[in-house]
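Here is the structure we will look at.
The numbers here are math on the coordinates, done by the rules we state, and not lab data. Here the structure is a predicted model, which means the values were calculated and not measured. Cβ: placed from backbone, ideal geometry, glycine included. Neighbour counts: every protein chain shown.
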Amino acid sequence: MRALTILKDLWETIGSVLPLAIILVLFQLIILKKPIKNIKEFILGILLCIFGLHFFLKGVFLSLHPLANSVGESIVVLNNKWLIVVAAFAIGYLGTLVEPALKALALEVEEVSVGAIPRKTLIHAVAIGFGSGMGIGVYKILNNIPFSKIATFLLLLIVILILFTPEEFVSIAMDSASATTGPVNIPINMAIAIGLAKVLENVDPLTYGFGIIGLTSIGAVISVLALGILTKI
């Protein structure tokens, strides 16, 4: 029975990776009429991608996800709202540093900008914004603040920052927000938010437990826009 479950999960991963690979191969061969340079390396890469993604996701949901849920349900024992917010910031910050999609984006930005925007600088800037958004989201849950009020203020701040930020940083900021919502951050931060909302009195987990990923993405946008303004200055 356990073997069937493992095979089913592996098949789901294959079903996610193979269609994309097939479409790219057909586009390369039929539309662009260009050969695949190293077929053996390509096949090996696809296999590594399938098994790597499978084991990575399995590891996250066997370890980090349940641990994050437990932390969310138990973090109230700190009995200090600001300490809880700081802890949420630290978790969000460290989780962003290992997000594979963000690392890929940062490498592309560094390459295209010819080193003008260093990879590590962008990653840490995004991590600070993500962690800040995580802290704001937890503060929202602890104080029963409606999502609309916080989101409206932060979105207005983004509009103002865009007016003073170099154009290239505006585009990078938007992509950075998407890059943070990957297989590491979403399960961990969502589990913490919902776990916290479930143990607080007079807090509806459905209303206040969700929305925190959106706030972390907004935080990432703000931090990259601020980085652009600092480089301009």
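When you count the other C-beta atoms within 10 angstrom of each residue and take the mean per peptide, 74-82, 219-227 line up highest first as 219-227, 74-82. Normalising by residue count, the chain has a Cα convex hull of 160 Å³ per residue.
In the chain, helical runs assigned H by DSSP with n ≥ 4 each contribute -39500 (n - 2.57); averaged across all residues and rounded to the nearest 500, the mean residue ellipticity at 222 nm is -25500 deg cm²/dmol. Taking a ≥ b ≥ c as the square roots of the eigenvalues of the alpha-carbon gyration tensor, region 64-198 is classed oblate because a/c is 1.5 or more while a/b is no larger than b/c.
Rg/Rh for region 142-209 stands at 1.09; both radii use Cα atoms, and Rh follows the Kirkwood definition. Between K103, K149, K120, the residue with the greatest mean-square fluctuation in the GNM of the chain (Cα pairs under 10 Å linked by springs) is K149. Cα convex hull, region 164-203: 80 Å³ per residue, rounded to a whole number.
Spatial offset of region 65-119 relative to region 159-175 amounts to 21 Å, using the alpha carbon center of each. Using Cα springs under 10 Å in a Gaussian network model of the chain, which residue among F130, F56, F27 shows the largest mean-square fluctuation? For the chain, modelled as a Gaussian network with Cα springs under 10 Å, the answer is F27.
Toward the positive end of the charge dipole of region 62-232, with +1 on the Cβ of Lys and Arg and -1 on the Cβ of Asp and Glu, the farthest Cα among F130, P66, L83 is that of L83. Once the Cα atoms are used to define both axes, helix 39-59 deviates from the longest principal axis of the chain by about 30 degrees. Here the ratio of the Cα radius of gyration of region 183-233 to 2.2 N^0.38 Å is 1.52. Expressed as an acute angle from 0 to 90° and rounded to the nearest 10, what is the orientation of the C-alpha long axis of helix 119-142 relative to the principal long axis of the chain? It is inclined by approximately 40 degrees. When its C-alpha radius of gyration is set against 2.2 N^0.38 Å (N residues), region 43-110 gives a value of 1.50.
Exposure proxy ranking for I22, I91, based on other Cβ atoms within 10 angstrom of each Cβ and starting from the fewest, stands as I22, I91.
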